[in-house]
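Engineer: The structure under discussion is supplied below as C-alpha cells; questions concerning it will follow.
We did not get these values from a lab; they are worked out from the coordinates using the rules stated. A quick note: this is a predicted structure, and the numbers were derived from the prediction, not measured. Because the Cβ atoms are built from the backbone with ideal geometry, glycine has one as well, and the counts that use them run over all protein chains shown.
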Amino acid sequence: MAYTKRILDSPALVRPAEAAKQLGISQGVLYYKIHAGLVRYERIGKHYYILQAVIDRILAADRALESLLTAQQYYDGVAATARENTQLITLARRAAALAALAPE
C-alpha cells in the first residue's frame, strides 16, 4: 500500500484537474482528448493520471505552433506589401511610359 501511495504522490504523475489547469483547458476537454487518444495517460485503479513530461511536451508544441503562426502572419504581411509595391511600380512605369509618349 505504501508503494502505491508513493507512486500516486509522485510529481511525475499529475491528476486531471491539475493537468487541465496547466494546459489552460477544462477537465471535460482533457477527458475528451484522453478518450480520443490525443493525450497519453496512466490509469491506476479507476483514476487517470497524466505524466508531467506529457504536459510539458504539449505546452512546448503549443508554443512552437504559436511561433509558427506569428511567423506566418509576418510573412503574409510582407507578401501583401510586396504585391502592393509591385502594383505601385507597375503603375509608375505605365505613367512614365505614357508621359514619354505625350507630345511636348
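Engineer: Spelling out what I want: for every residue of the stretch 71-81, take phi, set θ = phi - 60°, compute 6.51 cos²θ - 1.76 cosθ + 1.60 (Karplus), and round to whole Hz; glycine and proline get x.
Structural biologist: 5, 5, 4, 4, 5, 4, x, 5, 5, 5, 5
Engineer: Right, another one. Provide the three semi-axes, in whole Å and in decreasing order, of the ellipsoid equivalent to the chain as defined by the square roots of 5 times the Cα gyration tensor eigenvalues.
Structural biologist: 61, 11, 8
Engineer: Can you tell which of ALA60, ALA17, TYR48 lies farthest toward the positive end of the dipole of the chain, using +1 and -1 charges on the Cβ of basic and acidic side chains (Lys, Arg; Asp, Glu)?
Structural biologist: Working it through, the farthest residue towards the positive pole turns out to be TYR48.
Engineer: I've got another one for you. Taking only Cα atoms of the stretch 13-58, what ratio of Rg to Rh do you get with Rh as the Kirkwood inverse-distance radius?
Structural biologist: 0.90
Engineer: Right, here's the next one. From the phi angles alone, apply the Karplus equation (6.51, -1.76, 1.60; θ = phi - 60°) to the stretch 59-65 and give each ³J(HN,Hα) in whole Hz, x where the residue is Gly or Pro.
Structural biologist: Along the stretch 59-65, the couplings run 5, 5, 5, 4, 5, 5, 5 Hz.
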